[in-house]
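S.K.: Please find one structure pasted underneath; my questions will follow.
The values are calculated or read from the model by the stated rules, or taken from the named source; none is laboratory data. Values in this document were obtained by computation on a predicted structure and should not be read as measured data. For neighbour counting, all protein chains shown are included, and Cβ atoms are generated from backbone atoms with ideal geometry for every residue, glycine included. Just the protein is used for accessible areas: all its heavy atoms, side chains included, with ligands, DNA and RNA removed. Shrake-Rupley method; radii C 1.70, N 1.55, O 1.52, S 1.80 Å.
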Amino acid sequence: MKQILHLGKERGHANFGWLDSYHSFSFGNYFHPEKIQFGALRVLNDDTVESGMGFGTHPHDNMEIVSIPLSGELAHKDSTGTNGVIQTGEVQIMSAGSGIRHSEFNHSLKDKVNFLQIWILPKERNISPRYEQKAFAKEGKLNSFQTIVSPNHSGAVWINQEAHFSLTILEEGKELDYELKNPNHGLYVFLINGKLNAENQSLEKRDAVGFWETKQVHFKAEKESEFLVIEVPMR
């Protein structure tokens with residue numbers, strides 16, 4: 001087993017007043033030669049947007065873009081004709097494919113929105129742009145891996161890549177094993193809240209660790225922990 005540790009306090013950071021953003025990988029004006037990507041995982045941004053503010057219309061192509069609100073509501077509009085709101089507890093995916101234009105705004109005029117924006121390199125390039133969002137019950141991730149993004153899981157949003165995202169809330173003292181679906185994949189673990197032991201690596205809030213050349217990763221919650229695991233092909 002190989003692993004790489006990304007401490008939350010060592011992430012890239014940009015604050016534009018309306019946007020406070022932390023970058024696990026090189027993004028925008030933040031560049032780190034050892035944090036370009038983890039396999040097909042290219043971007044993991046932890047964004048907080050002030051009330052009524054957001055990202056104006058801008059283009060993307062050939063990227064799978066996943067948004068996971070942690071608190072608040074995110075308004076979305078794009079060139080596929082989608083115009084809606086993503087609530088906390090929902091997951092959004094957008095296949096930029098051959099090209100898409102979209103905007104994202106904090107739907108609230110009084111509260112901040114905090115969300116994870118994750119970019120995955122696609123399996124097939126220049127597909128038709130597409131959009132999907134789905135709500136997931138909190139009970140489904142309690143002491144279990146709740147699959148939220150997958151190329152072949154009927155209960156998840158579909159992604160144009162052999163990638164699998166799961167969310168978990170692991171109660172204090174509980175243990176859980178994640179079995180990788182492909183031995184050539186890696187697993188990136190992002191701790192949203194709590195204190196978690198991942199293969200004897202202790203993680204605090206917003207720390208992350210990546211594992212590869214393994215078939216299984218073991219977790220134990222030192223305190224109740226909510227975390228995201230992203231299984232991706234290693235490139």
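S.K.: Any idea which residue in the range 142-167 is surrounded by the fewest Cβ atoms within 10 Å (Cβ to Cβ), counting only those that are in contact (Cβ under 8 Å) with a residue 60 or more places away in the chain and not in a loop (DSSP other than H, G, I, E, B)?
M.R.: The residue in question is 158.
S.K.: Does residue 128 fit the bill of being open to solvent by less than 20 Å² (accessible area, probe 1.4 Å) and within 17 Å of residue 65 (Cα to Cα)?
M.R.: No: the conditions fail for residue 128.
S.K.: Sort through 38, 55, 27 and tell me the only one that's crowded, with 21+ Cβ neighbours inside 10 Å and in contact with a Phe, Trp or Tyr (Cβ under 8 Å, 6 or more places away or on another chain).
M.R.: It is 38.
S.K.: Here's another thing I want to ask about it. Which of the strands (runs of 3 or more DSSP E) found entirely inside the range 21-92 contain at least 2 residues meeting this: closer than 20 Å to residue 136 by Cα and of a type outside the set (Phe, Trp, Tyr)?
M.R.: Here the list reads 64-71, 73-78, 83-87.
S.K.: Now for a different question. For the range 126-141, what are the residues that are farther than 16 Å from residue 73 by Cβ, free of Cβ contacts under 8 Å to residues at least 60 places away in the same chain and part of a loop (DSSP other than H, G, I, E, B)?
M.R.: Result: 127, 128, 129, 137.
S.K.: Further, regarding this structure: Determine whether residue 170 is under 13 Å from the mean Cα position of the chain (by Cα) and either open to solvent by less than 10 Å² (accessible area, probe 1.4 Å) or closer than 13 Å to residue 89 by Cα (or both).
M.R.: In short, no.
S.K.: Can I ask one more? Only one of (1) open to solvent by less than 40 Å² (accessible area, probe 1.4 Å); (2) under 16 Å from the mean Cα position of the chain (by Cα); (3) closer than 22 Å to residue 101 by Cα; (4) touching a residue at least 60 places away in the same chain (Cβ under 8 Å) fails for residue 67. Which number is that?
M.R.: Tallying (1) open to solvent by less than 40 Å² (accessible area, probe 1.4 Å); (2) under 16 Å from the mean Cα position of the chain (by Cα); (3) closer than 22 Å to residue 101 by Cα; (4) touching a residue at least 60 places away in the same chain (Cβ under 8 Å), residue 67 fails exactly one: (4).
S.K.: Right, here's the next one. Every residue in the range 93-110 that is in a loop (DSSP other than H, G, I, E, B) and open to solvent by 80 Å² or more (accessible area, probe 1.4 Å), please.
M.R.: Listed by number, the residues that qualify are 107, 109, 110.
S.K.: For the list (1) touching a Gly at 6+ places or on another chain (Cβ under 9 Å); (2) modelled with pLDDT under 95, I need the number of the one condition that residue 188 fails.
M.R.: Only one criterion in (1) touching a Gly at 6+ places or on another chain (Cβ under 9 Å); (2) modelled with pLDDT under 95 is unmet by residue 188, namely (2).
S.K.: Also, I was wondering about something else. Would you check which residues across the range 182-195 are buried (at least 16 other Cβ atoms within 10 Å of the Cβ) and over 18 Å from the mean Cα position of the chain (by Cα) and list them?
M.R.: Within the range 182-195, just 195 meets the criteria.
S.K.: Okay, moving on. Every residue in the range 105-162 that is more than 27 Å from residue 218 (Cβ to Cβ), among the small types (Gly, Ala, Ser) and modelled with pLDDT of 95 or more, please.
M.R.: 108, 128, 135 - these are the residues of the range 105-162 that are more than 27 Å from residue 218 (Cβ to Cβ), among the small types (Gly, Ala, Ser) and modelled with pLDDT of 95 or more.
S.K.: Using the structure shown, decide if residue 123 is open to solvent by 60 Å² or more (accessible area, probe 1.4 Å) and either assigned to a strand (DSSP E or B) or not charged (D, E, K, R) (or both).
M.R.: Considered against the rule, which asks whether it is open to solvent by 60 Å² or more (accessible area, probe 1.4 Å) and either assigned to a strand (DSSP E or B) or not charged (D, E, K, R) (or both), residue 123 comes out as no.
S.K.: Output the qualifying pairs, or none if there are none: Cβ atoms under 6 angstrom, residues six or more apart or on different chains, first residue in the range 91-105 and without any contact (Cβ under 8 Å) to a residue 40 or more places away in the chain, second residue open to solvent by 10 Å² or more (accessible area, probe 1.4 Å) and assigned to a strand (DSSP E or B).
M.R.: Hits for this filter: 94/131; 96/60.
S.K.: Out of curiosity, is residue 49 closer than 19 Å to residue 228 by Cβ and not assigned by the TED database to the domain that holds residue 164?
M.R.: Spelling it out, it is not the case that residue 49 is closer than 19 Å to residue 228 by Cβ and not assigned by the TED database to the domain that holds residue 164.
S.K.: Still on this model: Based on what the data block shows, is residue 225 open to solvent by 40 Å² or more (accessible area, probe 1.4 Å) and part of a strand (DSSP E or B)?
M.R.: The answer is no for residue 225.
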